[in-house]
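K.L.:
I'd like to ask some things about the structure below.
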Amino acid sequence: MDPAHAAPVPGSLSWRLSSHPITLLTFVGFRIGSLLTYLFGMIFTDNLVLIFIVTILLLAADFYYLKNIAGRRLVGLRWWNEVDPQTGDSHWVFESSEPGTKTINPTDSRFFWLAIYAQPVLWAVLALFALITFKFIWLPLVVIALILTSTNSLAFSRCDKFSNASNLAGSALNGGNLAGSIASNMVGRFFR
């Protein structure tokens, strides 16, 4: 068999192996779109206002789509922020699919986590480039992009850790042993 026409291995970075190809392509499109708009806009035009507005709109769409749609469909995770009306305290709420109800596709997971962590790094490099080249006018846009992408990265990382801890506690609790009961109580206290 010709290696160029070989079927992709499960878990490889081929969108054709995705369980949700439209969601995956839209997610990656928003991620790449904001970067390309910024880069090509900075190179080919001096219209800062147009580039700023289009990039911010793409970043906002990416933030919303990732947080509410792509995260849930691709890796079974979702997060949001709640504010207690009495005290005004803010806290993050994490949601994950029930273990055993959703099978996470390895390709979707690899694309998701790669894009989640690569995006803030790329924006940090662009911030450094703006500083080195003395293009301070572009820094507010890059800082906003860095904040939005880093927030999603941090939140989904915490959400994944919460999901793993909950699954571990749930399996220990369902085992019916004393150690499992203690473990679930300890984990439960950390995530109230």
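K.L.:
Once you keep just the Cα pairs under 8 angstrom separated by 6 or more residues, what percentage relative contact order results for region 63-127?
P.N.:
Relative contact order comes out at 28 percent.
K.L.:
Can you work out the base-10 log of I(q)/I(0) for region 20-68 at q = 0.25 1/Å, using the Debye formula on its C-alpha atoms alone?
P.N.:
The computed values of log10 I(q)/I(0) come out as -0.84.
K.L.:
While we're looking at this one, here's another question. How much net charge surrounds residue 38 when only the other residues with a Cβ under 13 Å from the Cβ of residue 38 are counted, with Lys and Arg +1 and Asp and Glu -1?
P.N.:
Charge balance in the 13 Å sphere: +1.
K.L.:
Rank these by accessible area, largest first, 1.4 Å probe: 38, 65, 117.
P.N.:
The ordering from most to least exposed comes out as 117, 65, 38.
K.L.:
Relative to the present Cα-Cα distance, how much length would full extension add between residue 45 and residue 154 at 0.36 nm per residue of separation?
P.N.:
Additional length available on full extension: 35.9 nm.
K.L.:
Taking 2.2 N^0.38 Å as the expected size of a compact globular protein, what ratio does the Cα radius of gyration of region 25-111 give against it, to two decimals?
P.N.:
Dividing the Cα Rg of region 25-111 by 2.2 N^0.38 Å gives 1.43.
The values are calculated or read from the model by the stated rules, or taken from the named source; none is laboratory data. This one's a predicted model, so the numbers in the text were calculated from it and none came from an experiment. Counting neighbours? That spans all protein chains shown, and the Cβs are built from the backbone with ideal geometry, glycine included. Ligands, DNA and RNA are excluded from the accessible area calculation, which covers all protein heavy atoms including side chains. Shrake-Rupley method; radii C 1.70, N 1.55, O 1.52, S 1.80 Å.
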